[in-house]
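Step one of this worksheet: look at the structure below.
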Amino acid sequence: MSAETRPEPCVHAERCMQAYVDRALSVEEVRTVEAHLAGCPTCARCYSLEAEVRTAVREACAEPCPESLRRELRRICDDCDCE
């Protein structure tokens, strides 16, 4: 279904989805999106997918930086004349 044929609340929820997942919406916007998600299974599935992707990326990136890389980055920063 294209954006032109989808209901406006779905289009609005889709536009807000990234900010909603990032928790970057105002309280009022959160209420609006959550009310829509509670009544729209299609948008709720989209939100669930976005949240799962965020979780997977966060977990995949949770590995700490190797100490050898930290040392090399510090050396590069120390050698940089940034003043």
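The values are calculated or read from the model by the stated rules, or taken from the named source; none is laboratory data. In this text, all values refer to a predicted model and were calculated from it rather than measured experimentally. Cβ atoms come from the backbone with ideal geometry, glycine included; neighbour counts cover every protein chain shown.
Could you run through region 39-49 and say how many residues are over 11 Å from ALA13 (Cβ atoms) and not polar (S, T, N, Q)? Looking only at that region, the number is 3. If the condition is being touching a residue at least 12 places away in the same chain (Cβ under 8 Å) and surrounded by 13 or more Cβ atoms within 10 Å (Cβ to Cβ), then region 15-27 contributes CYS16, MET17, TYR20, VAL21.
Considering only region 39-83, state which residues are of a type in the set (Lys, Arg) and touching a residue at least 12 places away in the same chain (Cβ under 8 Å).
ARG54
A single entry from VAL30, VAL57, VAL53 fulfils the requirement of being surrounded by fewer than 12 Cβ atoms within 10 Å (Cβ to Cβ) and modelled with pLDDT of 90 or more: VAL53.
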